[in-house]
Amino acid sequence: GAVVSQHPSWVICKSGTSVKIECRSLDFQATTMFWYRQFPKQSLMLMATSNEGSKATYEQGVEKDKFLINHASLTLSTLTVTSAHPEDSSFYICSARRGGSGNTIYFGEGSWLTVV
Amino acid sequence: AQSVTQLGSHVSVSEGALVLLRCNYSSSVPPYLFWYVQYPNQGLQLLLKYTSAATLVKGINGFEAEFKKSETSFHLTKPSAHMSDAAEYFCAVSPAGGTSYGKLTFGQGTILTVHP
């Protein structure tokens, strides 16, 4: 079964509202999680590295004030899309690193966000 | 810095034929390499990964890939295609170890079509 769970799988929100996506490691502690975005018919692009107990590290071009990442516990990272607009509609997927260097990376099932 | 190039955005084969999906990478540090499969409207499933052990890596569903440092390649093969292999395939590279392990850079993806 899944070892990394994302919720919700699908979400529709109105333009201007905020939406939160959760990424949970189910049976291991993940000090580091990663958030990716995939636009339709495109590849996955890393948005940010989520570090437990510290600020996330954002990739160039990703607005940190728009995509708020919180990693308050060793099993949960959240991505909040603030003031969402239709261009934020995308597939968001997280991954968690289990163990240290060289250990397995698990992906969540992904979350489809549609902003109307 | 790291990058991945997948040659051929679309590959079409007949059922029972050899599958070859090409991936070349660039990395300033020793890399770990991954192949993922994505079915429509779903998340990512790990097919196989290279983590500096054997250069020929066997994965699930009969897939394998060979890491060739001299060619900076990590091509994915399967001797005999099955209809269920039709999907999109992503090659990805990560720094090998350290705090950046798991920070994946993905190729653009290759859509595999299997004809009866």
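Filtering B:Leu20, B:Leu33, B:Leu76 for residues that are touching a strand residue (DSSP E or B) at 6+ places or on another chain (Cβ under 7 Å), in a strand (DSSP E or B) and surrounded by fewer than 20 Cβ atoms within 10 Å (Cβ to Cβ) leaves a single hit, B:Leu20. Take the conditions (1) in contact (Cβ under 8 Å) with a residue 24 or more places away in the chain; (2) surrounded by 14 or more Cβ atoms within 10 Å (Cβ to Cβ); (3) within 14 Å of the chain's Cα centre (by Cα); B:Ser27 misses just one of them, which is (3). Only one of (1) within 14 Å of chain B (Cβ to nearest Cβ); (2) more than 15 Å from A:Gln29 (Cβ to Cβ); (3) in contact with a Phe, Trp or Tyr (Cβ under 8 Å, 6 or more places away or on another chain); (4) polar (S, T, N, Q) fails for A:Ser95. Which number is that? Only one criterion in (1) within 14 Å of chain B (Cβ to nearest Cβ); (2) more than 15 Å from A:Gln29 (Cβ to Cβ); (3) in contact with a Phe, Trp or Tyr (Cβ under 8 Å, 6 or more places away or on another chain); (4) polar (S, T, N, Q) is unmet by A:Ser95, namely (2).
Selection of region B:30-70 for residues being closer than 26 Å to A:Gln42 by Cβ and more than 15 Å from the chain's Cα centre (by Cα) yields B:Pro40, B:Asn41, B:Gln42, B:Gly43. Does region B:47-72 hold any residues that are of a type in the set (Asp, Glu), in contact with a strand residue (DSSP E or B) (Cβ under 6 Å, 6 or more places away or on another chain) and within 12 Å of B:Cys23 (Cβ to Cβ), and which are they? The answer is B:Glu66, and nothing else.
Among residues that are surrounded by 13 or more Cβ atoms within 10 Å (Cβ to Cβ) and on the phi > 0 side of the Ramachandran plot, B:Gly97 is included.
Residue-wise test of (1) in contact (Cβ under 8 Å) with a residue 24 or more places away in the chain; (2) more than 11 Å from every other protein chain (Cβ to nearest Cβ).
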| position | (1), (2) |
| --- | --- |
| A:Gln38 | yes, no |
| A:Phe67 | yes, yes |
| A:Asn70 | no, yes |
| A:Tyr106 | yes, no |
| A:Val115 | yes, yes |
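If you go through region B:81-95 and keep only what is touching a residue at least 40 places away in the same chain (Cβ under 8 Å), of a type in the set (A, V, I, L, M, F, W, C) and either facing another protein chain (nearest Cβ under 7 Å) or over 19 Å from B:Tyr50 (Cβ atoms) (or both), you end up with B:Ala81, B:Met83, B:Ala87, B:Phe90.
Restricting attention to region B:79-99, the residues being assigned to a helix (DSSP H, G or I), farther than 15 Å from B:Tyr36 by Cβ and in contact with a strand residue (DSSP E or B) (Cβ under 6 Å, 6 or more places away or on another chain) number 1.
Among the criteria (1) part of a loop (DSSP other than H, G, I, E, B); (2) surrounded by fewer than 18 Cβ atoms within 10 Å (Cβ to Cβ); (3) touching a strand residue (DSSP E or B) at 6+ places or on another chain (Cβ under 9 Å), the one B:Gly102 does not fulfil is (2). Counting the residues of region A:82-116 that are closer than 19 Å to B:Gly43 by Cβ, among the hydrophobic types (A, V, I, L, M, F, W, C) and touching a Cys at 6+ places or on another chain (Cβ under 8 Å) gives 4.
Evaluating A:Gln60 against the criteria (1) closer than 21 Å to A:Gln29 by Cα; (2) free of Cβ contacts under 8 Å to residues at least 40 places away in the same chain; (3) within 13 Å of chain B (Cβ to nearest Cβ); (4) not β-branched (Val, Ile, Thr) leaves one unmet condition, (1). Would you confirm whether any residue within region A:69-86 is at pLDDT below 95 and part of a loop (DSSP other than H, G, I, E, B)? Yes, because at least one residue in region A:69-86 is at pLDDT below 95 and part of a loop (DSSP other than H, G, I, E, B). When A:Thr17 is evaluated against the numbered criteria (1) β-branched (Val, Ile, Thr); (2) in a loop (DSSP other than H, G, I, E, B); (3) under 25 Å from B:Ala92 (Cα atoms); (4) in contact (Cβ under 8 Å) with a residue 60 or more places away in the chain, which criterion, by number, is the only one it fails? Result: A:Thr17 passes all but (3).
Going residue by residue through region A:20-27, is there one that turns out to be under 15 Å from A:Tyr92 (Cα atoms) and in contact with a Cys (Cβ under 7 Å, 6 or more places away or on another chain)? Yes: one or more hits.
The values are calculated or read from the model by the stated rules, or taken from the named source; none is laboratory data. Note that the structure is a prediction, hence the values are computed from the model and not measured. Quick reminder, even Gly has a Cβ in these numbers, built from the backbone with ideal geometry, and neighbours come from all protein chains shown.
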